[in-house]
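Notes to accompany the following structure.
The values are calculated or read from the model by the stated rules, or taken from the named source; none is laboratory data. Please read all numbers here as calculations on a predicted model, not as lab measurements. Quick reminder, even Gly has a Cβ in these numbers, built from the backbone with ideal geometry, and neighbours come from all protein chains shown. These accessible areas exclude ligands, DNA and RNA; they are computed on the full protein's heavy atoms, side chains included. Shrake-Rupley method; radii C 1.70, N 1.55, O 1.52, S 1.80 Å.
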Amino acid sequence: MGDAVDVVLAQWRRERPDLDAWPMGVIGRISRLSRLLDRELKDFFAGHGLEIWEFDVLATLRRSGPPYELTASDLYRAAMVTSGAITNRVDRMAVKGLVERIPDEEDRRSVRVRLTEQGLAKVEELVGLHVANEVRLLAALAPEQRDQLSGALRTLLESLGDTPPE
């Protein structure tokens, strides 16, 4: 059978037999997979009244441990978006009652973002369902394939500088 990227690679082999286009196969598949997974996740979260980024903020706060709060700076670093984007996201989520801003007791210039009871309940409701959905999305892979793919992707991410903050 094959996938859509195989067609592209075959076209390049026909048109430019001198060109070793293997990188297009890897990058093309990662790009296509990213778009497909984004669409699946967007649909999943929309079915639960959330945007993907809202779940990301809720999950980031939840996995930070009690009292489920982070400084706005820590939150935007964890989310890999600009501080302006986090401000906008927190504003929108506060209106929905999912998070609240509280003054930082150690630094009066700083604000902490905390899950509300409603936000905590929402993330608790969805995290298991989200994992089950991801299991569904990866069901085509055998356990050893999942481990190999995970390791290869980790190596590639690290090589491109995607390492945890110190």
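Here the label points at residue 135 and residue 94, each 7 Å from Cα along the C-beta direction, are separated by 3.8 nm in the simple model.
With the whole protein complex present, residue 99 retains an accessible surface near 0 Å², based on a 1.4 Å probe. Each peptide in 147-157, 13-23, 35-45 gets a packing score, the mean of other Cβ atoms within 10 Å over its residues, and the list from highest to lowest is 35-45, 147-157, 13-23. Spin-label model, residue 144/residue 52: points 7 Å from Cα along the beta carbon direction are separated by 3.2 nm. Placing dummy labels 7 Å off each Cα toward the beta-carbon, the span from residue 104 to residue 19 is 4.9 nm. Highest average first, the peptides 111-117, 85-91 ordered by how many other beta carbon atoms sit within 10 Å of their residues are 111-117, 85-91.
Taking one quarter of the surface of the convex hull spanned by the alpha-carbon atoms of region 1-136 gives a direction-averaged projected area of 11.5 nm². Only helices enter the 222 nm calculation for the chain: every DSSP H run of n ≥ 4 contributes -39,500 (n - 2.57), and dividing by all residues gives -21500 deg cm²/dmol, rounded to 500. The overall shape of region 61-166, judged from the alpha-carbon gyration tensor, is oblate: a/c is not under 1.5, and a/b is no greater than b/c.
Of the residues 24, 1, 93, ranked by 1.4 Å probe accessible area with the largest first, the sequence reads 1, 24, 93.
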